[in-house]
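S.K.: First the structure, which I've put down as structure tokens, then a few questions once you've had a look.
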Amino acid sequence: MSAPAKVSGALKSVDYEVFGRVQGNGGLRGLPGEGRRAEAAAPRYTEQEAKKLGVVGWVKNTSQGTVTGQVQGPEERVNEMKSWLSKVGSPSSRIDKTNFSNEKEISKLDFSDFNTRY
């Protein structure tokens with residue numbers, strides 16, 4: 001696990017929501033049991049990528065079939081994560097679009113790590 005990057009320059013925060021086949025569940029969303037286990041794929045890969053880049057924040061599957069969250073860190077690293085969220089995602093995902101909102105410069109990080117919310 002990487003610690004949050006200590007890079008000089010502006011810190012940035014951005015909220016995101018990813019649309020498409022992004023929960024890695026092959027349409028099983030909402031089925032009890034196995035559907036819930038399958039849905040863990042997208043947040044797991046998102047968390048791994050965020051930790052690799054050294055950004056902090058969170059990720060969560062929504063009941064609408066999207067993946068949402070917040071990323072904070074040095075501007076360059078946040079931009080790399082935005083690109084990953086828009087173009088790559090988890091191995092079995094199909095990203096139709098990614099919406100970014102509340103993008104702003106911040107003076108300090110609100111999180112100490114990147115994790116999955118349930």
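S.K.: Within the range 83-98, take every residue that is assigned to a strand (DSSP E or B) and open to solvent by less than 70 Å² (accessible area, probe 1.4 Å) and give me the one that is modelled with the highest pLDDT. Outline the logic, then answer.
M.R.: The initial filter retains those residues of the range 83-98 that are assigned to a strand (DSSP E or B), namely 94-98.
If we keep only those that are open to solvent by less than 70 Å² (accessible area, probe 1.4 Å) too, we end up with 95, 98.
Numbers: Ile95: 88, Thr98: 94.
Looking at the filtered set, the residue picked out is Thr98.
S.K.: Looking at the range 68-82, which of its residues are under 11 Å from the mean Cα position of the chain (by Cα) and in a helix (DSSP H, G or I)? Explain how you work it out, then say what you get.
M.R.: First, the residues of the range 68-82 that are under 11 Å from the mean Cα position of the chain (by Cα): 68-72, 78, 81-82.
Val78, Met81, Lys82 - these are the residues of the range 68-82 that are under 11 Å from the mean Cα position of the chain (by Cα) and in a helix (DSSP H, G or I).
S.K.: Can you find a residue in the range 59-67 that is under 14 Å from the mean Cα position of the chain (by Cα), under 16 Å from Ser112 (Cα atoms), surrounded by 15 or more Cβ atoms within 10 Å (Cβ to Cβ) and modelled with pLDDT of 90 or more?
M.R.: So far as the range 59-67 goes, yes, one or more of its residues are under 14 Å from the mean Cα position of the chain (by Cα), under 16 Å from Ser112 (Cα atoms), surrounded by 15 or more Cβ atoms within 10 Å (Cβ to Cβ) and modelled with pLDDT of 90 or more.
S.K.: Being in contact with a helix residue (DSSP H, G or I) (Cβ under 9 Å, 6 or more places away or on another chain) and closer than 17 Å to Ile95 by Cβ is the filter; apply it to the range 42-57 and report the residue that is surrounded by the fewest Cβ atoms within 10 Å (Cβ to Cβ).
M.R.: Step one: filter the range 42-57 for residues in contact with a helix residue (DSSP H, G or I) (Cβ under 9 Å, 6 or more places away or on another chain), giving 46, 49-50, 53-57.
Next cut, closer than 17 Å to Ile95 by Cβ only: 46, 49-50.
Numbers: Thr46: 28, Glu49: 19, Ala50: 27.
This residue is Glu49.
S.K.: Can you name the residue in the range 8-36 that is touching a Leu at 6+ places or on another chain (Cβ under 9 Å) and at pLDDT below 90 and, of all such residues, is least open to solvent (accessible area, probe 1.4 Å)?
M.R.: Of the residues in the range 8-36, the ones touching a Leu at 6+ places or on another chain (Cβ under 9 Å) are 11, 13, 16, 18, 25, 34-36.
Add one more test, that the residue is at pLDDT below 90, and what stays is 25, 34-36.
Values: Asn25: 16, Glu34: 112, Gly35: 0, Arg36: 181 Å².
Applying the filter and picking the extreme gives Gly35.
S.K.: On to the next question. Run down Val71, Val67, Val59 and say which single residue is touching a Pro at 6+ places or on another chain (Cβ under 6 Å) and closer than 15 Å to Tyr45 by Cα. Break it down stepwise before answering.
M.R.: On the way: Val71 fails: touching a Pro at 6+ places or on another chain (Cβ under 6 Å); Val67 fails: touching a Pro at 6+ places or on another chain (Cβ under 6 Å).
Going through Val71, Val67, Val59 in turn, just one is touching a Pro at 6+ places or on another chain (Cβ under 6 Å) and closer than 15 Å to Tyr45 by Cα: Val59.
The values are calculated or read from the model by the stated rules, or taken from the named source; none is laboratory data. Predicted model, so just to flag it, every value in this text is computed and none were measured. Cβ atoms come from the backbone with ideal geometry, glycine included; neighbour counts cover every protein chain shown. Note: accessible area is taken over every heavy atom of the protein model, side chains too, but ligands, DNA and RNA are not part of it. Shrake-Rupley method; radii C 1.70, N 1.55, O 1.52, S 1.80 Å.
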